[in-house]
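Inspection log for the structure reproduced underneath, given as structure tokens.
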Amino acid sequence: MKERDTLHNFLFEHAAIRGDMVHLDATWREVLKRHEYPAPLRSLLGELMVAAALLTARLKFEGSLTLQLQGSGPVTLGVVECSSERLMRGLLRWEGDIEPGPLHQLMGTGQLVITIEQRRTGERYQGVVDVAGDSIAEAIERYLAQSEQLETRLWLVANEQSAAGLLVQRMPTRDEAEDVDAWPRVVQLADTVKDEELLGLDAHEILHRLFFEEDVRLFEALPVAFRCGCSFERVENTLRMLGHDEIRSIIEERGTVDVTCEFCNQKYVFDAVDAEALFIDRPVSGDSSMHH
């Protein structure tokens with residue numbers, strides 16, 4: 001099977017309905033290579049990755065979208081970032097043994113936080129919804145219904161090799177001649193999609209199987225890839241923010257300052273000379289955006 005790290009947009013020509021499909025192969029496996037996740041968490045993180053990519057398809061500017069799960073249960077934190085260029089990274093944190101179960105069981109009392117940042121202006125929007133459903137799909141559907149009043153349905157799936165998803169969304173319209181049965185019909189048809197179809201078929205085949213009696217326009221595939229935003233420069237800026245005294249104290253205690261990116265496991269090591277050089281005539285830059 002060929003690699004398919006792609007995002008497809010599509011729309012229904014005679015109804016105010018749009019949609020997106022995502023398929024992650026190498027992108028998803030790169031995330032799995034960084035940490036050893038229990039099986040239930042692989043599914044959870046894969047679905048979160050796909051959901052972030054699907055939502056990023058709606059960005060009309062250069063920037064990024066972050067999905068963050070915060071919980072009191074076995075899973076304490078989940079973070080997935082996706083840029084407008086569809087470059088992705090993600091991770092989960094958990095405690096103890098993990099048993100399969102619905103989202104609210106894994107997360108306990110928790111929240112789903114969606115953050116959208118515009119790169120050029122620095123404008124930042126954040127929305128929060130309680131984790132109350134059984135799945136990532138339900139949580140995001142609930143968020144979109146509350147925050148944007150848009151009827152949206154998602155289907156998400158992930159295994160050890162691939163992750164994939166489908167989104168359909170009803171758009172606002174003032175067309176009095178609109179087919180009022182189109183939305184329930186499209187949802188009913190989409191609801192028949194099987195996990196193995198999402199994982200194994202390409203976008204054209206899936207749309208044909210689900211909506212062969214509808215007039216659907218499928219747009220050209222857009223690439224998706226794994227990319228971590230950490231860098232030596234960002235780590236330097238983060239250490240400068242800690243201050244000279246704090247860094248000197250760490251050097252005296254441990255001999256080096258070691259920083260490991262939680263997303264990609266890249267390790268950055270600063271010895272005493274490197275640490276002192278951080279504070280020699282080099283002001284802190286505006287990029288202190290490394291946060292884990």
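The values are calculated or read from the model by the stated rules, or taken from the named source; none is laboratory data. Computed from a prediction, not measured in an experiment: that's the story for all the values here. Every residue, glycine among them, receives a Cβ derived from its backbone with ideal geometry; neighbour counts consider all protein chains shown.
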(request) Would you confirm whether any residue within segment 38-47 is surrounded by fewer than 24 Cβ atoms within 10 Å (Cβ to Cβ), within 25 Å of VAL75 (Cβ to Cβ) and acidic (Asp, Glu)? (result) no
(request) Give the residues of segment 115-133 that are farther than 16 Å from GLY78 by Cα and charged (D, E, K, R), sorted by residue number. (result) GLU117, ARG119, ARG120, GLU123, ARG124
(request) For segment 67-78, name all the residues that are farther than 18 Å from GLN118 by Cα and free of Cβ contacts under 8 Å to residues at least 60 places away in the same chain. (result) GLN70, SER72, GLY73, PRO74, VAL75, THR76, LEU77, GLY78
(request) Considering only segment 120-138, state which residues are surrounded by fewer than 13 Cβ atoms within 10 Å (Cβ to Cβ) and among the small types (Gly, Ala, Ser). (result) GLY122
(request) May I ask you to verify whether GLU214 is touching a residue at least 12 places away in the same chain (Cβ under 8 Å), acidic (Asp, Glu) and either outside the structural domain of PHE12 (by TED's automatic domain parsing) or not in a helix (DSSP H, G or I) (or both)? (result) yes
(message) Can you tell me how many residues within segment 137-195 are over 21 Å from the mean Cα position of the chain (by Cα) and among the polar types (S, T, N, Q)?
(response) 4
(request) Specify which of the listed residues (ALA163, ALA203, ALA190) is touching a Phe, Trp or Tyr at 6+ places or on another chain (Cβ under 6 Å) and either assigned by TED's automatic domain parsing to the domain that holds ALA139 or surrounded by fewer than 19 Cβ atoms within 10 Å (Cβ to Cβ) (or both). (result) ALA163
(request) Assess whether LEU242 counts as being closer than 30 Å to VAL79 by Cβ and free of Cβ contacts under 8 Å to residues at least 24 places away in the same chain. (result) yes
(request) Scan segment 28-64 residue by residue and report those that are at pLDDT below 95 and of a type in the set (Val, Ile, Thr). (result) VAL31, THR56
(message) Looking only at segment 220-266, how many residues end up being at pLDDT 85 or above, within 27 Å of the chain's Cα centre (by Cα) and either outside any loop (DSSP other than H, G, I, E, B) or exposed (fewer than 13 other Cβ atoms within 10 Å of the Cβ) (or both)?
(response) 5
(message) What pairs come out if I take residues in segment 153-174 that are charged (D, E, K, R) and pair them with residues that are surrounded by 23 or more Cβ atoms within 10 Å (Cβ to Cβ) and not in a loop (DSSP other than H, G, I, E, B) whose C-beta lies under 6 Å away, six or more apart or interchain?
(response) ARG153/VAL168; ARG170/ILE17
(request) Filter segment 267-292 down to residues that are over 27 Å from LEU91 (Cβ atoms) and part of a loop (DSSP other than H, G, I, E, B) and give me whichever is modelled with the lowest pLDDT. (result) PRO283
(request) All but one of (1) surrounded by fewer than 19 Cβ atoms within 10 Å (Cβ to Cβ); (2) more than 17 Å from the chain's Cα centre (by Cα); (3) not acidic (Asp, Glu) hold for HIS104, so report the exception by its number. (result) (1)
(message) Cβ-Cβ under 6 Å, sequence separation 6+ or interchain: first residue in segment 25-43 and outside any helix (DSSP H, G or I), partner among the hydrophobic types (A, V, I, L, M, F, W, C). Which pairs?
(response) PRO38/ILE98
(request) Taking ALA275 as the residue in question, decide whether it is over 21 Å from GLU30 (Cα atoms) and in contact (Cβ under 8 Å) with a residue 12 or more places away in the chain. (result) yes
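This table checks each residue for (1) surrounded by fewer than 19 Cβ atoms within 10 Å (Cβ to Cβ); (2) outside any strand (DSSP E or B); (3) in contact with a Ser or Thr (Cβ under 9 Å, 6 or more places away or on another chain); (4) at positive phi.
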{"residue": "PHE10", "(1), (2), (3), (4)": "no, no, no, no"}
{"residue": "SER64", "(1), (2), (3), (4)": "no, no, yes, no"}
{"residue": "LEU77", "(1), (2), (3), (4)": "yes, no, no, no"}
{"residue": "CYS82", "(1), (2), (3), (4)": "no, no, yes, no"}
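Residue-wise test of (1) of a type in the set (Phe, Trp, Tyr); (2) closer than 30 Å to ASP5 by Cβ.
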position: PHE219; (1), (2): yes, yes
position: PHE226; (1), (2): yes, yes
position: GLY229; (1), (2): no, yes
position: PHE232; (1), (2): yes, yes
position: THR260; (1), (2): no, yes
position: GLN266; (1), (2): no, yes
position: ILE280; (1), (2): no, no
